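Following: one structure in structure tokens, then a few remarks.
Just so it is clear, none of the values below were taken in a lab; they were calculated from the coordinates. Computed from a predicted model, the values in this text were never measured in an experiment. Methodologically, a virtual Cβ is constructed for each residue, glycine included, from the backbone with ideal geometry; neighbour enumeration extends over all protein chains shown.
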Amino acid sequence: MIRLNRRVLEQLDPQAPDVAGVCTTLQYAIELEHATIPVYLYALYSLDVARNPQIVEIIESVVFEEMLHMTLAANVLNALGGTPAIGQPGFIPAYPGPLPGGVESELTVSLRPFSMEQLALFLAIEQPENPHIYHSCSDDLDADKPITIGQFYTAISVALGQLGDAAFVRPPRHQVGPELMTNAVVVTDVASAQKALAIIIDQGEGTSTSPLEVTGGGYAHYYRFMQIQKQHYLVYDPHVGPGEKAYSYSGLPIEFDAGGVYPVPSDPSAAGYPAGSQQRVLCDRFNYSYTALLRALDAFLGGDNTGRQMDVAIGLMMSLKSQAKAMMSGIPDPGRFTGPSFEYRGSDPAGER
Amino acid sequence: MSYLNPVRLHFSGKFLANVSTVNNDPGHFNNATFQSSFQKLGQGMTNGWFNPQGDASFRLLGCRVTSAWADGAVVPEDDTVLACGVADADSRVSAKLVDLDPEQQLVSQIWGLQVRLVDGNGTTLLRGSYTPAAFCDIWSRAAGSSDIAACAAYQSVLTDLEWGDLSGSAFLRQLRTLSAPNGTLSIKFNVDAFCMDFSSPDFMCGRLVGSIGPCLPNEPAHLLVGRHFMAQDTPGNDSFFKPVGQINYCPAVIDPVARCLYLDLGNALPTTGPDNALKDLGDLRLGVLDPIATPGAPAGSMIPLGALAAATYAGDPTWYARTAGVVVFALDANQLAAAASAPLALSGGAGVMIGEAASGAWLRADDFVHRLSPGQQVDIAVHAMRWGRPLPGVVVDFKADTGGLQPCNVIDPNDVPPVGTPLAAIPFNPEARTGADGIAWLSMVVGDPGTPRYFGAGTHFGIDGQVYGIRASFAAPQLQGPVNLTDFISILLWSSFTPRLPLTWVTLYPIFKQYANLYPVMNRFLDMGDYGQVVANADLLKLAFGLAPDDPNAMPVTRDMSPAKRQAILAWLDAPLEGPPILRRQPAQSEALSPPADDKVNQGGKATAISRRLIVQQRTHATMKEPS
């Protein structure tokens, strides 16, 4: 389970939070939601889809929702008059390292090809706290203890309630709605903001009573990943217990073909590839596209909330997918496998060769 | 004057042209005979050539401003333009490079390119949209006959200009002012030294050197209204153009106000090898033929206009990158007068020579590549000029000419998709007279070509529509001169498409399947020949098929699908009916095929396309017949 350093909440005055403090905390949330995406994508694209189709489908489904979470946090931030800052170097965490705001001693996240060990990291990232914590925040806010992601969002949610509807900009500002992204929530007031944050918690950890998401209809991320570890799909199973216990990992088998993972390095960096090598070139080129995507999202979530700009961003996501799948699978040079490093690269990828 | 302007910058760097190569053989368009080996990396058309996994992306890589000029002088070193990079898009996907057609691969176009000037801090000082353009004047610049040896030029314009903070650059402020009336810049670059070695870091990259200047009102986008030096091919050459005088086609502009002549040798001087320095052709002397015969020079003598020392262009390895091959000759009043209406010539060491046509007349369509649908009206501007000025009131002839097209089918040589038929589908005017602006219009409302390029005598789905060539020439014999064989108007005319309703997967399957066959890159997303996967990805496909062709995200990346088919696909994706099951026959195994022994044919890319031109096929055919 991720435990966040309590300092991620230091801008939130528990008694009288201000808009600026909530905005700072929401920027943190956007960075946190983004930070898992490269980790998941690296494992996803390291898999030969023909040999591991089920695992590919599961990881991909989680990535889609992490993108939604970024958008939801940005909607709340925009609704308060803030502006998400995405297209800049510091936005991307260094891998390996803690997640933004994470307690370093507890969890180090790495870019690694898919393996059961890497799956254990995914489970640790998504592992829910004891369900009762979903109900409260202040009860458990021991001054020195790290907090869970659920507690983090709950604290923001409470602060929003304290700010009241008057803190929200009218007319609605820079919102990405469901017409652009499925399950997106247009944030206009406390209720809609809290609904947006609840989706993030529920999709990540599940609800307090069920592994099912309230929004989206699938299982929460933790349970989706657990299916891979248990090697069976999670299914409704009234024989094993009532209510939330009526589920078991007894569905169709999920097979992991370890031979269907490309031999890419762990935690690659552009600088780690020899200067002038094809691997360096491919990595730089990927990073340039990745940076372009962050810039496109910066515009999309920063006011250009149009279908056209969304298409621009989707185009870049597809380009990244294409580049990553090629370089990780030995294209163009068969036998040479290159891992993308997900680093910020603002200039075009040949200037330093 | 376009990029050949007193105010201009030059830049140099690399380009990426990650084209896919499975579609390089017309035979690969036959779904009925397609084999999985055609998608594999490997020599020849029985495999997928040298880059079957290409994604068509075109990028500017590491390009930097190498010099800038304003009013005859180099701009001061503290002008920030000199620290600028020339980059492409930083917040959207890269541009795409695509062929017009498998049977016309010699006008590859760049679509969706954004060009930026970026200062040393990474700040964008200028952003512009590159109007899609095709290359011209491809030739063999270095020794050898593969694409590695080739060089070609792209000329276009940048529109929708967005200027940033220009406080550090008087040059850019001047460029902005000059371009303001049109809101347009002229950009020209030369591409060579293409790398086809998949193990190299430069795989699918090459050298790019170019120039940017203002585009003034009424200037065409893709050609210079100027003086055009005409080269002649080496007799019997069936590969890339090899000028007998060693210098390729090149343009020049005379600026009577600045009293100088700008000569663009960027795509004209050979190199000692791919990516190497320019070859020493001796000192290059520019002159004008004195039309007045004298007792000592009965055929007319050369009036010298200036010289470019070999020590400069060949001896200085930075010269090409620094100047993009643009040479400025200062002219005095006498030279200006002499050059005003007499042919220019450039000569060097033994046998090195190129000159203007004796008539001084030249013409070319500004936009010489067109994709058309049945019923569409098209008006193509052909610019005629003489001595660098628009030539009004002359008759321009238009003739269908398939000589430069490349019909072929190596998979089944007995089933070559024909080109240029039916001619009735392109009812163009046989001639037109140029207006005061020197423009003659080629106009027509195109018809439906049917499906002349379906395989198996029309029984198997094949290549959509038809590709045509139309050559423009002066009607008056006294205006005619050397002919540039690659210089003609290319038209891809799509077949009409009115599918039976309700539209189902059964009708669309051949289209999707052909796409899946030709572009293995799509396998990274889905199998486009699989109904379930297409339906599952309907949203993504709707996005890609719904975009304008000049959007870099548009599908197909090849821009070779008719609007009618795209609309049908979009409509179907909204309600994707499957229809009855499709009976698929298993294609034969691939071991029966082996690459032909001909090296030239096996090189792939433009070199192979060049060798397949109908004019070469006819010449070879005639040669083979002669001995009997």
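Computed values, structure above
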quantity: Counted charge near A:Val312, where neighbours are those whose Cβ lies closer than 11 Å (Asp, Glu -1; Lys, Arg +1); calculated: 0
quantity: MRE, 222 nm, helices only [DSSP H, n ≥ 4, -39500 (n - 2.57), over chain B, to nearest 500]; calculated: -4000 deg cm²/dmol
quantity: Vicinal HN-Hα couplings computed from phi for the range A:312-321 (Karplus, 6.51 cos²θ - 1.76 cosθ + 1.60; Hz; Gly/Pro x); calculated: 4, 5, 5, x, 5, 4, 5, 5, 5, 4
quantity: Charge context of A:Gly339, other residues only, Cβ under 11 angstrom, K/R +1, D/E -1; calculated: 0
quantity: Estimated distance in nm for a label pair at A:Asp257 and A:Ala120, the labels positioned 7 Å out from Cα along Cα-to-Cβ; calculated: 2.6
quantity: The range B:362-493: mean projected area of Cα convex hull, nm²; calculated: 8.6
quantity: Between helix B:505-518 and chain B: long-axis angle, C-alpha atoms, 0 to 90°, nearest 10; calculated: 50
quantity: Qualifying lysines (Cα of each under 20 Å from Cα of A:Lys230; at least 8 residues distant if same chain); calculated: A:Lys245
quantity: Cα gyration tensor shape for the protein assembly as shown, rounded if a/c is under 1.5, else prolate or oblate; calculated: prolate
quantity: Between helix B:563-574 and chain B: long-axis angle, C-alpha atoms, 0 to 90°, nearest 10; calculated: 40
quantity: Taking the range B:296-422 and dividing mean pair separation by its residue count, relative contact order in percent (alpha carbons under 8 Å, at least six apart); calculated: 14
quantity: Prolate/oblate/rounded call for chain A, Cα gyration tensor, a/c under 1.5 rounded; calculated: oblate
quantity: Subset of B:Lys242/B:Lys279; B:Lys542/B:Lys565; B:Lys242/B:Lys606; B:Lys242/B:Lys399; B:Lys513/B:Lys565 violating a 18 Å alpha-carbon distance limit; calculated: B:Lys242/B:Lys399
quantity: Simple label model, 7 Å out from Cα along Cβ direction - B:Arg259 to B:Thr620, nm; calculated: 5.6
quantity: Isotropically averaged projected area of the range A:291-353, using the convex hull of Cα atoms (one quarter of hull area), nm²; calculated: 5.0
quantity: Chain B - percent relative contact order, Cα under 8 Å, separation 6 or more; calculated: 16
quantity: Environment charge of B:Pro102, counting only residues whose C-beta is closer than 12 Å and scoring Lys/Arg +1, Asp/Glu -1; calculated: -4
quantity: Helix B:170-179 axis, angle to chain B major axis (alpha carbon atoms, nearest 10°); calculated: 70
quantity: Point-charge dipole on Cβ atoms (K/R +1, D/E -1) for the range B:78-156, about Cα centre, debye to 20; calculated: 140
quantity: Pair-distance profile P(r), taking every C-alpha pair of chain B, with 10 angstrom steps and integer %; calculated: 3, 16, 26, 27, 18, 8, 2, 0, 0
quantity: Cβ-derived FRET efficiency at R0 35 Å, B:Asn414 paired with B:Leu485, nearest 0.05; calculated: 0.80
quantity: Rounded if a/c under 1.5, otherwise prolate or oblate - the range B:505-574, Cα gyration tensor axes; calculated: rounded
